1. Apply 1/(1 + (r/R0)^6) to the Cβ-Cβ distance of residue 21 and residue 45, taking R0 = 30 Å, and write down the FRET efficiency to the nearest 0.05.
2. Which order do the peptides 81-88, 8-15 come out in when sorted by mean C-beta neighbours inside 10 angstrom, highest first?
3. Using amide H atoms built in the peptide plane, which far-off residues or other-chain residues are under 5 Å from residue 25 H to H?
4. What are the lysines whose alpha-carbon lies under 21 Å from the alpha-carbon of residue 7, with same-chain residues fewer than 8 places away excluded?
Amino acid sequence: MFSYVYKTASFNLSTVYHGERETQINTNEFESIPSSWSTNFKFNYQVSKNLSNQFSIKNLSDNQYASASQEGDLSDGVPARGREMMYSIKYVF
């Protein structure tokens, strides 16, 4: 993780490792889901005492990966959403 703060702005860059895991296909069968890396970015700017905004990107490199299925009926796991971008504004009264 790398974070930097300068006056009223800050940003964060982080990398997360998801190790190899197994998902259950049926009662007696399991399938392996390969390991993967995910990189995330977040930028925050404090406009005033009461107002700030934030921009973030999850899965910056838009890698395709899967996570283990909770239902046990998807042999390849649940596909990831891909890259997600979010912008928010926060005002404190």
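1. Efficiency computed from Cβ-Cβ geometry: 0.20.
2. 8-15, 81-88
3. Amide H neighbours of residue 25, under 5 Å, 5+ apart: 30, 31.
4. Reachable lysines: 42, 49, 90.
The numbers here are math on the coordinates, done by the rules we state, and not lab data. Because the structure is predicted, anything quoted here is derived from the model rather than measured. When we count neighbours, we look across all protein chains shown, and the Cβ atoms used for this are built from the backbone with ideal geometry, even at glycine.
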